[in-house]
1. Using only DSSP helix segments of four residues or longer, with each worth -39500 (n - 2.57), what per-residue ellipticity at 222 nm results for the chain after dividing by its residue count and rounding to 500?
2. Any idea what the relative contact order of the chain is, in percent, if you count C-alpha pairs under 8 Å spaced at least 6 apart?
3. Give me the percent relative contact order of region 8-53, please, defined on Cα pairs under 8 angstrom at least 6 residues apart.
4. Quote the relative contact order of region 1-85 in percent (integer), defining contacts as alpha-carbon pairs under 8 Å separated by 6+ residues.
5. If amide H atoms are built 1.01 Å from N in the plane of the peptide, which residues on other chains or at least 5 residues away come under 5 Å of the amide H of LEU260?
6. Accessible surface of CYS199 in the full protein assembly, 1.4 angstrom probe, to the nearest 10 Å²?
7. Just how far, in whole angstrom, is region 276-290 from region 113-156 if you go by their alpha carbon centroids?
8. With a 1.4 Å probe and every protein chain kept in, tell me what percent of the accessible surface of the chain is carbon plus sulfur.
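The values are calculated or read from the model by the stated rules, or taken from the named source; none is laboratory data. Bear in mind the structure is a predicted one, so any value in this text is a computation, not a measurement. Accessible surface areas use protein heavy atoms only, side chains included; no ligands, DNA or RNA. Shrake-Rupley method; radii C 1.70, N 1.55, O 1.52, S 1.80 Å.
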Amino acid sequence: MLSQLRDLDLQLLRLFVTVVESGGFSAAQGELGIGQSTISTQMAKLETRLGFRLCERGKAGFRLTAKGEQVLAATRKLFTAIETFKGEAQGMADKLLGELRIGLSEALPDQVLERLGGAIGRFRRRNQAVQIELLSAMPAELERRLLQDQLQLAIGYFSGSQTALDYHPLFDERQRLYCGRQHPLFAREALSVDDLQGCDRVVHPYRFISADEPWQGGTSSARCEQVEGSLALILSGAHLGYLPEHIAQPWVARGSLRALPGDWDFTVQFRLASHRGHTPSEAQLAFADDLLAAFAAD
């Protein structure tokens with residue numbers, strides 16, 4: 001009684017199908033490249049494994065039994081399924097599968113979004129069937145999600161201090177010190193540190209960024225994590241604060257903001273972060289390569 005299918009059983013079943021399609025033992029010799037006695041022995045082994053006769057052979061010729069007919073149909077289905085599996089397995093070997101969850105810092109410049117779009121387009125041209133999810137959040141939240149395995153990759157201005165994360169530089173963003181039209185310093189052509197000391201500034205709760213800000217003085221009655229909130233506070237005319245240059249530019253163009261003169265600018269490095277303790281999927285590695293290539297392009 002056949003209770004477990006082995007490689008030998010598959011070989012015997014293939015022989016059985018060849019015998020049937022050839023019309024008998026004698027006719028199958030040339031197709032199989034073995035003698036009739038060997039074919040007979042192999043068929044007997046298969047029947048013993050199954051526990052019943054598959055065919056009648058003798059002077060009356062070769063004929064399948066009723067169970068032999070059923071086994072023939074089942075065997076053809078089996079071999080079709082095996083070929084289908086082989087084809088699908090081969091396709092999977094060359095195909096990127098799964099899902100990618102990617103975190104992005106908020107308010108990215110247009111040219112950065114364009115390069116990100118280029119990287120996604122390059123990835124989509126690969127042999128892949130990957131679900132991509134994009135999530136925007138603040139840098140600290142992105143790092144937290146990476147550490148908790150809620151994201152595979154993240155783009156942001158990170159501290160670089162998380163030893164569990166790997167960081168790859170992507171691009172730099174220029175930050176400038178701005179004031180609104182109603183601020184007393186709006187029309188000043190030259191400023192000193194003393195001029196700024198009495199000003200109320202917007203504090204960003206990212207210590208790793210604030211440490212790079214050339215202007216650290218002044219008092220503060222305003223605090224904001226998001227760039228949009230910082231922009232609103234600066235536009236009020238009551239506060240000075242740092243903004244990404246690309247965010248402030250439209251407001252500068254319409255005369256609502258002004259970058260303060262002097263050496264108050266600094267740059268923030270955006271990086272691609274991933275968890276070094278987790279084995280990356282093939283899809284993650286491929287997308288990271290496409291992303292790094294997009295930002296390396298001139």
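1. Numbers: 11 runs with 133 residues, N = 298.
That comes out to -14000 deg cm²/dmol.
2. Values: 432 pairs, mean separation 60.6, N = 298.
So the answer I get is 20 percent.
3. Values: 27 pairs, mean separation 17.6, N = 46.
Relative CO of region 8-53 lands at 38 percent.
4. On the way: 65 pairs, mean separation 23.0, N = 85.
Reported as a whole number, the value is 27 percent.
5. Amide H to amide H, under 5 Å and 5 or more residues apart or across chains, LEU260 pairs with LEU177, TYR178, CYS179.
6. About 10 Å², rounded to the nearest 10.
7. Centre-to-centre distance over Cα atoms comes out at 11 Å.
8. Values: 7930 of 16120 Å².
Accessible surface attributable to carbon and sulfur in the chain totals 49 percent.
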